[in-house]
1. Looking at the range A:190-207, can you tell me whether even one residue there is open to solvent by 10 Å² or more (accessible area, probe 1.4 Å) and facing chain B (nearest Cβ under 8 Å)?
2. Inspect the range A:158-181 for any residue being more than 13 Å from every other protein chain (Cβ to nearest Cβ) and more than 16 Å from A:L34 (Cα to Cα) and give the result as yes or no.
3. Scan A:L127, A:L88, A:L93 and give me the residue that is outside the structural domain of A:N314 (by TED's automatic domain parsing), touching a helix residue (DSSP H, G or I) at 6+ places or on another chain (Cβ under 9 Å), open to solvent by less than 10 Å² (accessible area, probe 1.4 Å) and part of a helix (DSSP H, G or I).
4. Does at least one position in the range B:125-146 carry a residue that is of a type in the set (A, V, I, L, M), surrounded by fewer than 15 Cβ atoms within 10 Å (Cβ to Cβ) and over 27 Å from the mean Cα position of the chain (by Cα)?
5. Quick one: how many residues across the range B:141-162 are within 14 Å of another protein chain (Cβ to nearest Cβ) and assigned to a helix (DSSP H, G or I)?
6. Can you tell me which residues in the range A:230-258 are open to solvent by less than 40 Å² (accessible area, probe 1.4 Å), over 15 Å from A:M181 (Cα atoms) and in the same structural domain as A:V180 (by TED's automatic domain parsing)?
7. Could we say that A:L224 is closer than 30 Å to B:P132 by Cβ, touching a residue at least 60 places away in the same chain (Cβ under 8 Å) and not in a helix (DSSP H, G or I) here?
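The values are calculated or read from the model by the stated rules, or taken from the named source; none is laboratory data. If you're wondering where the values come from, they're calculated on a predicted model, not measured in any experiment. Neighbour counts are summed over all protein chains in view; Cβ atoms, including those assigned to glycine, are modelled from backbone coordinates with ideal geometry. Accessible surface is based on the protein model in full, side chains and every heavy atom, while ligands, DNA and RNA are left aside. Shrake-Rupley method; radii C 1.70, N 1.55, O 1.52, S 1.80 Å.
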Amino acid sequence: MSNESPDYFTHPLGEWLKGTGPDHDVVISTRVRLARNIKGFPFTGRADLKQRGDLLRIANEALHRVHLEKSVVTLDLQALSETERDILVERHLISRELAGAEGPRGVTFGRGEMLSIMVNEEDHLRLQWIKSGFDVDRAFSAIRRIDLALEKVLPFATSEQYGYLTACPTNVGTGMRISVMVHLPALTLLDHVEKVFKAAQRMNHAVRGLYGEGTRAFGDMYQLSNQATLGRSEEEIVSNVKAIVPQVLEYERRMRGELYTEKREFVEDKVLRSLALLRSARRLSVQEMMSHLSMVRLGVDLKIITDVTMNTVNRLFVTGQPSHLQREARATLGPTEREARRAELVRSQLATGTN
Amino acid sequence: MDCQCCQKKPAHIRVCDIDDNVMSEQFNICADCWIFVKRYLFDQERHLAPTREVLNEVRQLISSKESTALAVAEAPGGLAPTGKPAEVPVCPDCGMTLAEFKAKGRFGCPRDYEVFHTHLDPLLERIHDTTPPRHKGRVPAAGESDDSLVRQRQQVARLKDQLQAAVTQENYEQAARLRDQINALENAVDAGKAAPGGTA
Ligand SMILES: [Zn+2]
Ligand SMILES: [Zn+2]
């Protein structure tokens, strides 16, 4: 895959954006990530540029020796522009840390953008699989297959006591983090998110806003993930997540139902105003776009809106981000130009008769 | 208020010197400096020294050792009154010290888990809410892993160093030989085969 191809950067193919998987009314995606390090090298943070170069080569050779998927793309992040790297971040293919890091580093991902393997993040390898909807089992077995294939060609750093050794002790053991991206508009409207945060924490899971900081997350998108990676088997971590997440989903659904039966007019008003605004605005900040998209997404689920699909809404959450707009425009855009472009994109995607 | 010892960190501990039941001087000290200061203050030979003198000594100790100083204080056995380290855990592979790990929150290499293991267990228990903090998941199947990619890459790196040296010494015959070897290895790697006779 060469870096000139425009399609790659402007048209996200992410399966997780489909808006179809199990529990897609609340869950956007399920991601399972494994942290792995190669024996005989210091962790990335302490490796010099030469060692990082060697690590990248070793990793890429290994990744191409193993059959990962039908078709994979390998990108040398040093060769990409900042905008291109940010696009990969907006698309959840790489972390913001990897985008902003220095020295040799890369990413390999599958065409469906379900598999992504970061090289020289905080750990030498970060393997992740993202599925749309709440689908821990599939995401887990898919990434385990990749892990098993890779361990045949790469010696991973492990110890009997601590399992897979990672740069940060918060990841040691299984090196496994399951993150479920959830949309909680009703819990946010009713101010119940804090309660969810605390309950999850008691069960050793963390909730954080996906965009923005603190409890008020833009677009009411949150990420729920397991905290502990040590002292539990992978299967136990999977079953814990499968026990906890449905409770959050039920809570959100119950609140959506209550809202709609008890405050129908209030909800309809909010949802339809948001849709009207998105359909006519000439300038949109990213924050504004996300908060109204959130209401539209709620409206689609409650069938208040019937001419927009989940897929359209999910995709806008990604394509309306700054770097995607920048790339689509093929020019460096100032903040106001970007807001105009964003409004244009949103209008065209939500126009009646397009969905 | 800033610590009167290091003059950097916020002070939370107050030390008072009392002469004939009258407080003569008081000092505000941060938690990190306190680790050292208390060793002097409660040391048999030194406990009568005025706090001001102790702070001077500790300040010198800290600036001379900076990072390793903390590791000393935290080491099992602690700091001898003379200021000599009793035992400083330092990773022989990457040079990581406990103080550096504490400051960064990241390890330098896999071996650090073994080097700092006594300090690590309480931390891991807290983070992962598990006692004792031991791995329960799977580990790579024994003996199955093929490390030829790593070995070849390391061999290439070594040969490149030798090549550099040969060029510097204007030993061009040697350099040419090394270049051929490197190319052969690189090709073998690219072709996905083990290098012929590729051992180190
Ligand atoms: Zn101090
Ligand atoms: Zn080390």
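1. Checked against the condition, which is being open to solvent by 10 Å² or more (accessible area, probe 1.4 Å) and facing chain B (nearest Cβ under 8 Å), the range A:190-207 yields at least one hit.
2. yes
3. On the way: A:L127 fails: part of a helix (DSSP H, G or I); A:L93 fails: part of a helix (DSSP H, G or I).
From the options A:L127, A:L88, A:L93, the qualifying one is A:L88.
4. Let us first name the residues in the range B:125-146 that are of a type in the set (A, V, I, L, M), namely B:127, B:139, B:141-142.
From the residues that got through so far, the ones that are surrounded by fewer than 15 Cβ atoms within 10 Å (Cβ to Cβ) too are B:139, B:141-142.
From the residues that got through so far, the ones that are over 27 Å from the mean Cα position of the chain (by Cα) too are B:141-142.
Yes, some residue in the range B:125-146 is of a type in the set (A, V, I, L, M), surrounded by fewer than 15 Cβ atoms within 10 Å (Cβ to Cβ) and over 27 Å from the mean Cα position of the chain (by Cα).
5. The first filter runs over the range B:141-162 and keeps only residues within 14 Å of another protein chain (Cβ to nearest Cβ), leaving B:141-161.
Narrowing the set further to residues that are assigned to a helix (DSSP H, G or I) leaves B:148-161.
Residues that pass the stated criteria total 14.
6. A:L230, A:G231, A:S233, A:E234, A:I237, A:V238
7. Details: closer than 30 Å to B:P132 by Cβ: yes; touching a residue at least 60 places away in the same chain (Cβ under 8 Å): no; not in a helix (DSSP H, G or I): yes.
Taking the combined requirement at face value, the residue does not satisfy it.
Results for (1) under 30 Å from A:E61 (Cα atoms); (2) at pLDDT below 90, shown as yes or no for each residue.
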{"site": "A:C168", "(1), (2)": "yes, no"}
{"site": "A:T174", "(1), (2)": "yes, no"}
{"site": "A:V180", "(1), (2)": "no, no"}
{"site": "A:A186", "(1), (2)": "no, no"}
{"site": "A:G209", "(1), (2)": "no, yes"}
{"site": "A:G212", "(1), (2)": "no, yes"}
